[in-house]
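A quick write-up on the structure given underneath.
The values are calculated or read from the model by the stated rules, or taken from the named source; none is laboratory data. Bear in mind that the values here come from a model prediction, so they are computed numbers and not experimental data. Counting neighbours? That spans all protein chains shown, and the Cβs are built from the backbone with ideal geometry, glycine included.
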Amino acid sequence: MNLLSKRQDMDDLAAQAVALGRQVADRAKSLHLGGNARDVAFVSRCLGRLKERQPFDAADEGGFDSVMDILERSIAAECLGSEDRFEETGYDEFGPHGETRETPVYSDRGNKLIELRSLFQDFLNSRDSVLDQVAAQRCLLGIMNR
C-alpha cells in the first residue's frame, strides 16, 4: 500500500467519525436524551462539538462516558417487561436449533434509544480508530527522527 492510499484511508476514517458524531448529536437532540431538563442540557453540551464536526477533542472523553450512562439509564426506563422468544443457536440438515430465552420488550422510544446506542458505539469505535492511527503515526515519526 502506498503512502497516498494510506492517507486516503485515514481521511475516510476521519470523515466517517465526523459524520457519525454529527448523526449522534442530531439524534440525541431529537430524542431529548436525558429524561429531564438538566440531563438534556448536559447531553447537549457534551455532544456540542460533534454537532460542529469536531469529534476529536480529548476533553470530551468523560462527557462521552456520561452520555453513554444517561443513554443506558434511559433505555432501562423504557423497558416494558419481557417475553419468551425462540433464539436460533445453530442449524443443520434437520433445520434450526435453538432455545427459548427471556427477552426484554421496549417502547418505541426505547427501540429508538437502542438504535442511538448502537450509532453512538459505532461513532466511539470510529473515533478511537482515528486516534489510534494518529498515535501510531506520532510514534513512527518519533522513531524516524532519532
Does GLU87 count as over 15 Å from the mean Cα position of the chain (by Cα), loosely packed, with under 15 Cβ neighbours inside 10 Å and touching a residue at least 12 places away in the same chain (Cβ under 8 Å)?
-> yes
Counting only residues in the stretch 77-94 that are of a type in the set (D, E, K, R) and under 25 Å from ARG109 (Cα atoms), the one modelled with the highest pLDDT is identified as GLU78
Checking LEU13, LEU50, LEU113 in turn, the sole residue that is in contact with a Ser or Thr (Cβ under 7 Å, 6 or more places away or on another chain), at pLDDT 95 or above and not in a loop (DSSP other than H, G, I, E, B) turns out to be LEU113
Taking PHE56, is it modelled with pLDDT under 95, touching a Leu at 6+ places or on another chain (Cβ under 9 Å) and either among the aromatic types (Phe, Trp, Tyr) or loosely packed, with under 14 Cβ neighbours inside 10 Å (or both)?
-> yes
Which one of these does THR100 not meet: (1) surrounded by 11 or more Cβ atoms within 10 Å (Cβ to Cβ); (2) of a type in the set (Val, Ile, Thr); (3) outside any helix (DSSP H, G or I)?
-> (1)
If only one of SER5, SER74 is modelled with pLDDT under 95 and either of a type in the set (A, V, I, L, M, F, W, C) or in a helix (DSSP H, G or I) (or both), which one is it?
-> SER5
Restricted to the stretch 59-70 and to residues being in contact with a helix residue (DSSP H, G or I) (Cβ under 8 Å, 6 or more places away or on another chain) and of a type in the set (Gly, Ala, Ser), the residue surrounded by the fewest Cβ atoms within 10 Å (Cβ to Cβ) is SER66
Residue check for ARG73: surrounded by 12 or more Cβ atoms within 10 Å (Cβ to Cβ), touching a Gly at 6+ places or on another chain (Cβ under 8 Å), among the basic types (Lys, Arg) and under 30 Å from THR100 (Cβ atoms) | yes
